[in-house]
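Values in this text are rule-based calculations from the coordinates and carry no lab data. For clarity, every value in this text was computed on a predicted model and none was experimentally measured. Neighbour counts are summed over all protein chains in view; Cβ atoms, including those assigned to glycine, are modelled from backbone coordinates with ideal geometry.
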């Protein structure tokens with residue numbers, strides 16, 4: 001050891017350290033050297049583990065492609081992968097299409113699309129046997145349920161018996177689940193066939209879709225853009241017709257944001273409506289913000305069918321779910337609605353294409369006889385700062401523990417470093433004061449909101465959350481609105497390098513996780529060159545549209561962040577170059593226990609504007 005020490009610090013440096021530090025210096029050096037060797041070995045072990053898992057997935061996907069090419073999968077015609085859900089369901093029920101053939105066709109298409117999008121993490125081997133069983137059941141004159149024979153793709157972090165859920169973390173590779181999540185059990189009970197698993201960002205705490213194990217998933221409209229996250233593999237696959245129905249999870253927009261970026265529908269129910277058991281979480285024990293399982297599909301009708309199955313069956317497996325039946329009468333109703341809307345929440349203004357999407361959706365609903373009224377999001381800034389406080393209340397300890405010795409994905413580094421330094425006096429106290437003097441109040445407030453907090457502070461934050469839920473409930477009722485329409489995101493699908501430093505642009509979805517309101521996104525159109533030109537006046541144009549003559553007063557009252565000239569605004573501006581052709585979407589929101597009503601509004605918007613939604617370039 002001494003010889004190695006001398007080699008590492010030759011000549012006078014070695015002598016100086018020995019003279020000045022003596023034996024304690026040698027002991028410290030040896031300890032650190034051994035720690036470095038141990039860490040290096042651990043990282044190499046984890047890298048090998050990740051490589052092995054990646055190779056296994058690649059081999060499995062290649063085998064599916066090969067089977068399809070030589071006909072050994074038994075699939076004769078893949079044309080029915082383009083059939084809408086209702087028609088596919090009808091043909092399966094009548095026996096015109098065999099479930100086995102349908103599953104083989106979707107396996108083939110998913111594997112082919114994966115070569116373009118990198119959206120899969122593997123296939124579920126039992127799907128083909130499951131399909132044969134359902135075919136036999138159909139031949140005997142029986143159907144399993146409302147999803148009989150429908151192929152279902154599944155987000156990688158949702159537990160499936162016999163498979164691992166890595167969340168892009170190497171130490172999770174090979175850790176197999178001993179049971180299905182309640183949602184997957186319910187899907188199977190309804191006759192759905194989970195057939196493949198889809199990509200996610202590392203830890204799920206990102207709205208991008210990349211990790212060191214499986215790589216990055218591309219946006220199907222522009223490959224240099226992200227598919228969104230964390231259910232990004234789902235959104236990309238469904239957008240291109242590689243799956244009829246997908247299952248995702250959502251704690252800050254993880255279903256709704258990728259759905260919006262990829263031009264499909266995604267829905268997050270109230271957390272008490274369907275079971276949340278059975279998903280790997282990097283924040284175990286965090287209950288301040290509730291995550292939800294939810295369906296994703298091209299058509300709202302498909303999402304509604306999945307919700308009916310989940311509502312019907314999850315209460316059988318989870319006694320903490322209210323056994324309230326699905327109300328098809330509400331979903332299919334033609335009664336006139338009173339609909340509120342906003343284009344800016346006060347935290348950060350939505351960009352021109354996102355604000356335009358809200359206006360178009362409102363006009364479409366007005367044309368159908370519904371009443372449209374403006375709505376102001378109450379205390380949005382307070383809601384979003386508390387959302388961040390609740391999710392980072394442990395100072396990031398849970399995430400740091402999982403990421404120890406791991407390769408950290410680029411889309412996650414800014415979050416990790418931000419939380420890591422947030423507890424320091426410099427980042428938590430001095431920097432916010434300096435930023436406020438520069439007029440950058442939003443970033444200052446964000447820095448002060450994140451990081452470890454005491455039990456008393458946590459309880460206070462949770463109490464404040466309950467108070468804000470009541471304020472929002474009262475605002476809905478005083479305005480007399482049934483449904484709220486608002487942006488699904490601040491901007492359209494960004495380039496991957498933008499994701500790491502623009503997490504706060506998720507404010508339009510995060511707020512409804514904080515409030516635990518049902519919310520879903522539905523595509524309405526396409527961005528164009530006029531949207532890029534309108535960015536010259538952003539954010540003032542959107543803020544003025546929303547708040548009018550009250551804007552200055554609300555800024556002075558700290559109810560709205562005005563134009564901040566901060567890094568976030570710079571990132572959003574740069575991202576809105578070259579957006580023409582990307583899909584636009586809106587978000588529909590209702591009060592808890594009104595999932596049918598929320599989806600009904602989404603269905604009507606899709607019926608009116610669905611023809612304007614672009615088709616992926618693949």
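Based on other C-beta atoms within 10 Å, arrange 130, 114 from fewest to most.
Going from least to most buried by this count: 130, 114.
7 Å from Cα along Cα→Cβ at both residue 139 and residue 26: what's the point-to-point distance in nm?
According to this spin-label approximation, the distance is 8.1 nm.
How much length is gained if the chain between residue 223 and residue 473 is pulled fully straight, taking 0.36 nm per residue apart and subtracting their Cα-Cα distance, in nm to one decimal? Kindly include the intermediate steps, with their values, before the conclusion.
Working: separation 250, 0.36 × 250 = 90.00 nm, distance 4.05 nm.
Gain on stretching residue 223 to residue 473: 85.9 nm.
For the stretch 261-358, just say rounded, prolate or oblate: build the C-alpha gyration tensor, square-root its eigenvalues into a ≥ b ≥ c, call rounded for a/c under 1.5, and beyond that prolate if a/b exceeds b/c, oblate if not. Present the calculation step by step, with values, prior to reporting the outcome.
Values: a/c = 2.00, a/b = 1.27, b/c = 1.57.
It is oblate, given that a/c is not under 1.5 and a/b is not larger than b/c.
Order of 392-403, 51-62 by packing, highest average Cβ count within 10 Å first?
On the way: 392-403: 17.9, 51-62: 14.9.
Ranked by mean Cβ neighbours within 10 Å, highest first: 392-403, 51-62.
Counting only DSSP beta bridges with both residues in the chain, tell me the antiparallel percent, nearest 5.
On the way: 31 of 47 bridges.
Of the beta bridges lying entirely in the chain, close to 65 percent run antiparallel.
When mean projected area of the Cα convex hull in nm² is calculated directly from the model, which label among (1) 50.3; (2) 53.2; (3) 31.4 fits?
Of the listed options (1) 50.3; (2) 53.2; (3) 31.4, (3) comes from this structure.
Applying 1/(1 + (r/R0)^6) with R0 = 60 Å to the Cβ-Cβ distance of residue 334 and residue 41, what FRET efficiency is obtained, to the nearest 0.05? Before the final figure, lay out each step's value.
On the way: r = 66 Å, r/R0 = 1.10.
The pair residue 334/residue 41 has a calculated efficiency of 0.35.
Under the rule of -39500 (n - 2.57) per DSSP H run of 4 or more residues, summed and divided by the residues of the chain, what mean residue ellipticity at 222 nm is obtained, to the nearest 500 deg cm²/dmol?
Values: 24 runs with 299 residues, N = 618.
Mean residue ellipticity at 222 nm (helix-derived): -15000 deg cm²/dmol.
Listed highest first by mean packing, meaning other Cβ atoms within 10 Å per residue, what order do 135-147, 247-259 come in?
Packing order, densest peptide first, comes out as 247-259, 135-147.
Could you give the length gained by full extension between residue 320 and residue 116, i.e. 0.36 nm per residue of separation minus their alpha carbon distance, to one decimal place?
Working: separation 204, 0.36 × 204 = 73.44 nm, distance 4.15 nm.
Residue separation times 0.36 nm, minus the Cα-Cα distance, leaves 69.3 nm.
Determine the gain in length on full extension of the stretch residue 420-residue 86; use 0.36 nm per residue of separation and subtract their C-alpha separation, reporting nm with one decimal.
Working: separation 334, 0.36 × 334 = 120.24 nm, distance 4.91 nm.
That works out to 115.3 nm of additional length.
Taking 22 Å as R0, compute the FRET efficiency from the Cβ-Cβ separation of residue 529 and residue 615 and round it to 0.05. Could you put the intermediate results ahead of the total?
Working: r = 19 Å, r/R0 = 0.88.
After rounding, the FRET efficiency stands at 0.70.
Could you put 311, 524 in order, starting from the residue whose Cβ has the fewest other Cβ atoms within 10 Å? Don't skip to the answer; put the middle values down first.
Working: 311 22, 524 27.
Going from least to most buried by this count: 311, 524.
With label points built 7 Å along Cα→Cβ from the Cα atoms of residue 577 and residue 60, find their separation and express it in nm.
For the pair residue 577/residue 60, the computed spacing is 4.1 nm.
If R₀ is 35 angstrom, what is the calculated FRET efficiency for the pair residue 402 and residue 129, using the beta carbon separation as r and rounding to 0.05? Could you put the intermediate results ahead of the total?
On the way: r = 34 Å, r/R0 = 0.98.
Between residue 402 and residue 129 the formula returns 0.55.
Roughly how many whole Å is it from the C-alpha centroid of the stretch 337-354 to that of the stretch 177-207?
32
May I ask what percent, to the nearest 5, of DSSP beta bridges between residues of the stretch 51-326 are antiparallel? Walk me through the numbers before you get to the answer.
Working: 16 of 25 bridges.
In the stretch 51-326, DSSP labels about 65 percent of beta bridges as antiparallel.
Could you put 225, 41 in order, starting from the residue whose Cβ has the fewest other Cβ atoms within 10 Å? Spell out each step's value before the answer.
Values: 225 22, 41 11.
Placing the least packed residue first, the sequence is 41, 225.
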